Amino acid sequence: MIWYPYQQMKTMREPYRIVDAEGVYIYTEDKKLIDSTSSWWSVIHGYKNPKITKAIKDQADVFSHVMLGGLTHDSVLKLASKLKDFLPGDLDYCFFSDSGSVAVEVALKMALQFYVNKNDLKRTKILSLTHSYHGDTFKTMEAGDDEDYHFILKAYGENPNVVHVDTNIDDLEAAFKKHHEELNCFIVEPLLQGAGGMRMYDISFLKRARELCDEYGVLLIFDEVATGFGRTGYRFVSDLVLPDIVVLGKALTGGHIGHAVTVANQKVYDGFYSDDPDCALMHGPTFMGNALACSAALASIELFEEGKYMEKIAHIAQLTKETMEGFSRPGIKDVRMMGGCICIEVEDSSLLKGYQEFAYERGVFARPFLNYLYAMVPYIITDDELLKVLNTMKEWFDRG
């Protein structure tokens, strides 16, 4: 018996059974569906990409996995070197893990221990955004502010070591002024908050955050698990504002296999580099640096570079804007667009009840949540396929 995610098992409908997937399409026994969600925003090259598939198969012929405890291998060495060159600034030091949640846990652990290693034991607080989501593990849920996880507050009470702030500069400055001596990090989903409602905000907020972190000696963490690899319309938001730590996942492997990485700058790495064993980062996911996943990630990054993906994303953004700009119907609160993301927020979640089945019948897989109907399509999508996704969204609000 499968226990499915984010579902009340007693009342859930039967999930669609997928028998094949290729390009932007997933297939049930009787339907061909455009996946408008890219399998939780990860399958940027589409399904069954031949280059990534070959990389995984070739690596499997050698070996599929060895632990990084006392061992290393070519695939992980090549990926770490590639990321060093691929990422901006001195984001050079890669700590691999097997999921975005774990990679964020690692980032938060790095930030706390960075100051513990300096014997600065007052910096126990995390600053985070309201409506933020950073994963499903306990510390990531505490750092986040997603209403689906507020059961933690019922069980444990509000965490005194997490402070949440809205995405406006006045509130940000006030939070730093009040808490700066206790803060070890400020963690954000840069520009685009995903599971908190596809909320979008301006780069000026992040630029000021960088200044305040520098002024008060606080580490800045960008959770780019969802935003990285072009989703915001920028390659990485880290290209615009440089964090101390960046977290990548989802599209890292083109969605073909799970993997994630926490990448630190020189300052953070130096905070652990010591003759003292107590200063070491004591963390080690079993499947960190998995050889199959590293091979997939290398192939995915090469596709991203060679395929001129930023041009593809700009075209998706332009066509989305041309199709959806100004769209308004009764019950729609807002229509937001950024890069490869479109979100329609409605006043009442009941207005989206039945949309998944409606889209299914029209050849589109969608998964609205709460008050949000959104699409984050694979970057290889054609104009006709993208228009089918967008027009299905519009047709829902225009049906009789």
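The values are calculated or read from the model by the stated rules, or taken from the named source; none is laboratory data. Computed from a predicted model, the values in this text were never measured in an experiment. Ideal geometry is used to build each Cβ from the backbone, glycine not excepted, and the neighbour counts take in all protein chains shown. Accessible surface is based on the protein model in full, side chains and every heavy atom, while ligands, DNA and RNA are left aside. Shrake-Rupley method; radii C 1.70, N 1.55, O 1.52, S 1.80 Å.
In table form, for the structure just shown:
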{"quantity": "Accessible area of region 61-156 belonging to carbon and sulfur atoms, whole % at 1.4 Å probe", "calculated": "55 percent"}
{"quantity": "Distance in nm between pseudo-label sites at LYS353 and THR137 (7 Å out along the Cβ direction from Cα)", "calculated": "3.8 nm"}
{"quantity": "If the convex hull is drawn through the Cα atoms of region 1-64, its volume per residue in Å³", "calculated": "140 Å³"}
{"quantity": "Amide H contacts of PHE365 (H built 1.01 Å from N, under 5 Å, at least 5 apart or other chain)", "calculated": "ILE34, ASP35, SER36"}
{"quantity": "Relative contact order, percent, the chain [alpha-carbon distance under 8 Å, six or more residues apart]", "calculated": "23 percent"}
{"quantity": "Exposure of TRP40 as accessible area (Å², to 10), given a probe of 1.4 Å and all protein chains", "calculated": "110 Å²"}
{"quantity": "Rounded FRET efficiency, nearest 0.05, which uses the C-beta distance separating LYS51 from GLU361 and R0 of 45 Å", "calculated": "0.85"}
{"quantity": "Candidates SER99, SER350, SER38, ranked by Gaussian network fluctuation over the chain, Cα under 10 Å, top entry", "calculated": "SER350"}
{"quantity": "Pair-distance profile P(r), taking every C-alpha pair of region 307-400, with 5 angstrom steps and integer %", "calculated": "2, 14, 27, 25, 19, 9, 4, 1, 0"}
{"quantity": "FRET efficiency estimate (nearest 0.05) - Cβ-Cβ, SER64 to TYR216, R0 45 angstrom", "calculated": "0.50"}
{"quantity": "Unsatisfied cross-links (Cα-Cα over 29 Å) in the set LYS78/LYS267; LYS31/LYS308; LYS250/LYS312; LYS178/LYS333", "calculated": "LYS31/LYS308; LYS178/LYS333"}
{"quantity": "Accessible surface of region 193-249 [probe 1.4 Å, protein heavy atoms]: carbon and sulfur percent", "calculated": "47 percent"}
{"quantity": "Heavy-atom accessible area per residue - region 32-71, 1.4 Å, Å²", "calculated": "50 Å²"}
{"quantity": "Among (1) 1.02; (2) 1.11; (3) 0.96, the entry derived from the coordinates for Rg/Rh (Cα atoms, Kirkwood Rh)", "calculated": "(3)"}
{"quantity": "Alpha-carbon centroid distance for the pair region 329-400 / region 277-324, whole angstrom", "calculated": "25 Å"}
{"quantity": "Solvent-accessible area per residue for region 123-209 (1.4 angstrom probe, square angstrom)", "calculated": "44 Å²"}
{"quantity": "For region 38-118, alpha-carbon Rg over 2.2 N^0.38 Å", "calculated": "1.35"}
{"quantity": "Sulfur and carbon atoms: percent of accessible area, region 250-303 [1.4 Å]", "calculated": "54 percent"}
{"quantity": "Residue with peak Gaussian network fluctuation, the chain [Cα springs, cutoff 10 Å], from PHE205, PHE63, PHE176", "calculated": "PHE63"}
{"quantity": "Solvent-accessible area per residue for region 312-365 (1.4 angstrom probe, square angstrom)", "calculated": "48 Å²"}
{"quantity": "Point-charge dipole on Cβ atoms (K/R +1, D/E -1) for region 295-400, about Cα centre, debye to 20", "calculated": "280 debye"}
